[in-house]
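Readers should treat all values here as calculations from the given coordinates under stated rules, not as data from a laboratory. Computed from a predicted structure; not experimentally measured. Neighbour counts run over all protein chains shown; Cβ positions are idealised from the backbone, glycine included.
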Amino acid sequence: MIGEFIKNYGYLAVMLGTLLEGEAVLLAAGFACHQGLLDWRIVAALAVLGATLGDQGAFLIGRWKGERLVSRFPSLERSLPRINALMEKYHTPMILFVRFMYGMRIAGPLLLGMSNLPAYRFALLNVIGAVIWASVVTSIGYSFGVTMSALLTDVKEVEEILLASLLVIGGVFWVFRIVRARSLRDRRK
């Protein structure tokens, strides 16, 4: 049942999931690749596309409305000069690895959009960073599948439980992050 659902909607979930965050979706997709439910190359390509588009969109929003958005978060606004100094000095590694920094997936490109960084430079490094991120996270999910196969003699018997567990854990993590962000925002008001 879950296997059919993943075969039918897994690629769509990867694309939509990687537009914003996507780690949990991509880990589950990597596991599904190991199980033969999804094709690793398609998953990686969609993850690169989704991550690139999501971060490019955040960068452009930063260019367009960044100052207005940052003004809604006083602690971030106070930290902006220090953040800008770090971004000016280390923008290349930041762009390449911002996806791996907890809480910076959307804020990082948005703040970079507010800087003097040329858009073409961000776009090029953004694609390279997306390739690194998609490869690493998908491979971790795939490796999880390999590990489970080695530990369990008949992984087919528990694959649906493992896939469901990964999806539930990812969903709980996603909901936790949304609730936490809202509570932090409410406390600031």
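At-a-glance table
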{"read-out": "Segment Ile132-Thr92, length gained on full extension (0.36 nm per residue, minus Cα span)", "value": "13.0 nm"}
{"read-out": "Listed residues Val131, Val179, Val43, most fluctuating in the chain (Gaussian network, C-alpha, under 10 Å)", "value": "Val179"}
{"read-out": "Among Ile83, Ile178, Ile132: highest mean-square fluctuation, GNM of the chain, C-alpha pairs under 10 Å", "value": "Ile178"}
{"read-out": "Relative counts (whole %) of C-alpha pair distances in the chain, using bins that are 10 Å wide", "value": "9, 33, 30, 19, 8, 1"}
{"read-out": "Relative contact order [Cα under 8 Å, 6+ residues apart], the range 2-188, whole percent", "value": "33"}
{"read-out": "Length gained when the stretch Arg187-Arg72 is fully extended (0.36 nm per residue, less Cα-Cα span)", "value": "40.1 nm"}
{"read-out": "Order by protection proxy (mean Cβ within 10 Å, highest first), peptides 168-175, 95-102", "value": "95-102, 168-175"}
{"read-out": "Estimated 222 nm signal from helices in the chain, with DSSP H stretches of n ≥ 4 weighted -39500 (n - 2.57), rounded to 500", "value": "-29500 deg cm²/dmol"}
